[in-house]
Amino acid sequence: MKWNRWIVGFVIGLVVPVVGYVVLYLVVETINELLDEGLPRFFLRQRTHYLLALALNILPVHWANDRYYTNVVRGVVTATMLYAAVWLWLFYREVL
């Protein structure tokens, strides 16, 4: 199978969280703009934005697993572990 390659999964695993972060950021900002000044603002910490975007990698893992693209799953999981290590490195003081 042409698409069952580790590098394909790695690229998907790198791109999906970035796109998810941008979409999540835009949604939160749009909600805050629509709220009146008297209402409290909808707020998520930066680390929560990153973590939610990282969790979106479960979607390509599920998609690839259903099609038995095991190498794609490996690539996505590798990218997820890389992003998780960076997340822990950035926010370890706040988390621990």
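See the values below:
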| item | result |
| --- | --- |
| Residue within segment 64-72 that is within 16 Å of the chain's Cα centre (by Cα) and either surrounded by 13 or more Cβ atoms within 10 Å (Cβ to Cβ) or over 16 Å from Val8 (Cβ atoms) (or both) present | no |
| Residue match in segment 66-75 (condition: touching a residue at least 40 places away in the same chain (Cβ under 8 Å), among the polar types (S, T, N, Q) and out of contact with any helix residue (DSSP H, G or I) (no Cβ under 7 Å at 6 or more places or on another chain)) | yes |
| Number of the condition not met by Glu33 [criteria: (1) without any contact (Cβ under 8 Å) to a residue 40 or more places away in the chain; (2) surrounded by 13 or more Cβ atoms within 10 Å (Cβ to Cβ); (3) not in a loop (DSSP other than H, G, I, E, B)] | (2) |
| Residue match in segment 77-93 (condition: closer than 14 Å to Trp3 by Cβ, in a helix (DSSP H, G or I), among the polar types (S, T, N, Q) and in contact (Cβ under 8 Å) with a residue 40 or more places away in the chain) | no |
| Unique residue being part of a loop (DSSP other than H, G, I, E, B) and either of a type outside the set (D, E, K, R) or at pLDDT 95 or above (or both) when the list is Leu59, Leu39 | Leu39 |
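So that you can scan it fast, the table gives a plain yes or no per residue for (1) surrounded by 12 or more Cβ atoms within 10 Å (Cβ to Cβ); (2) farther than 29 Å from Val73 by Cα; (3) under 14 Å from the mean Cα position of the chain (by Cα):
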position: Lys2; (1), (2), (3): no, no, no
position: Arg5; (1), (2), (3): yes, no, no
position: Val11; (1), (2), (3): yes, no, yes
position: Leu14; (1), (2), (3): yes, no, yes
position: Tyr21; (1), (2), (3): yes, no, yes
position: Leu39; (1), (2), (3): no, yes, no
position: Phe43; (1), (2), (3): no, yes, no
position: Leu54; (1), (2), (3): yes, no, yes
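The values are calculated or read from the model by the stated rules, or taken from the named source; none is laboratory data. The structure presented is a predicted model; accordingly, all values stated were derived computationally and were not measured. Neighbour counts are summed over all protein chains in view; Cβ atoms, including those assigned to glycine, are modelled from backbone coordinates with ideal geometry.
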